[in-house]
Each structure stands twice: as C-alpha cells, then as structure tokens.
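Undergrad: Before we start, here is the structure in question, set down as structure tokens.
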Amino acid sequence: KRGALNLKIKLFIWILFLNIFFLQTLSANPKENIIKRLEDTNTIEFSFIQTTNEEVEKGNCILFFPKKLNCSYKNKNQKRLIINKNQMAIIQERYDKKYFYPLKETYFSKIFDKKGLIDFINSSSTEIKDNKINLINLLEKNKRLIILFDKKTFDLNGWVIKDQLNNKVSFLISIKSRNIPVDAKIFKIPSIN
C-alpha cells in the first residue's frame, strides 16, 4: 500500500509539473515570440488582398528587410509598388504613370524596417482575436495602425490602418515562403522619365 501511495504522489507531482510547464509555455509573451520570428526572417514572399474602403485589390509581393518591397497587383492598370530604403514608387504600367513618395511619410516605414517594426511591437497594445495577434498603436494625426500576426506561427499576417478621415485600409497577407534568395534588381526605383 505504501508503494502504491508513493507512486500516486510521484505521479501527481509529475502531472502538476507538466501542467505548470505547459501553461508557462502557452502563456509566454506573444510579443517575444513575434520578435524572435522576425529576427529569424530576412525575406518574405506573399500574396495579398488589399481593401481600401470598398475597393479590393490582389497581388503578390516580396519583402526584403530592411525597407525593400516589390508588389505586383493583379489589375487592369498593371500597378506595381516598389519600396527601396527611403523612397516609394507606385507605377501604373498600362498608362506609363509613375508616382514617387518619401517612405518616411508613410506607415510603411514602421512595417518594412525590422528595427522599426520591433520598436512598434514593444510599444503597442496587444489584442488576441480568433487566430490573430493584433498589435495596436496610435500614430500621429489620430491615425491608428494595427499589425496582424498569426497566433500559432507568429508570422506577419498584414496590417490595418485608419487615417484621420476614418478611411480604413486593410492589407492581409498569406506567406508563401521565407528566407528565399532575392535579386536586388527588383527593388530598383525607376527613373522619373
């Protein structure tokens, strides 16, 4: 009887230990897990769905940290978005139109710079909904930026911004691959001419 009692006590202690260990693992700070995943990521290839008010656009992108992005939209204007360091170009190939913007005037500077993104993560409030971790931060001029991460993989899932006019832009991504080799030429900003 004494041996069976000792075995039950040992089993109870072992189960209690495992429960405490797994609870601590599950309740680990999601921000730390997201940052670790980001630190291990140099490139991301993804498809996206962008919704601006009622307009929906789709396409594919390659992100190369820091601050390099090339997106091709699947639309009649043959729109492309290229970001390289501190400059952004929007190209409508169908009409041969090019628009140039400094990156610092956009919220992209927070998302596509790994250090800036980690700073954003550390200073934001956390909301967990469904399978997403939403990191929320107020920007200047009452803009609100929400960056979305997958609750299981801690991968970037997109972002939602509300501007000062209450326009909502949602950019949801589905990662195809990580850390693939990328030709730097695809991030070359076209000339104005």
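The values are calculated or read from the model by the stated rules, or taken from the named source; none is laboratory data. Everything numeric in this text was worked out from a predicted model, so none of it was measured. Cβ sites come from the backbone with ideal geometry, for glycine too, and all protein chains shown count toward neighbours.
Undergrad: What's the total number of residues in the stretch 154-173 that are modelled with pLDDT of 95 or more and of a type in the set (V, I, T)?
TA: Summing the residues that are modelled with pLDDT of 95 or more and of a type in the set (V, I, T) in the stretch 154-173 gives 1.
Undergrad: Go through the stretch 120-193 and tell me which strands (runs of 3 or more DSSP E), entirely inside it, have 2 or more residues that are touching a residue at least 60 places away in the same chain (Cβ under 8 Å).
TA: 125-129, 132-138, 156-162, 168-178
Undergrad: Another question, then. Within the stretch 94-126, can you find the residues that are of a type in the set (D, E) and exposed (fewer than 13 other Cβ atoms within 10 Å of the Cβ)?
TA: Result: D96, E105.
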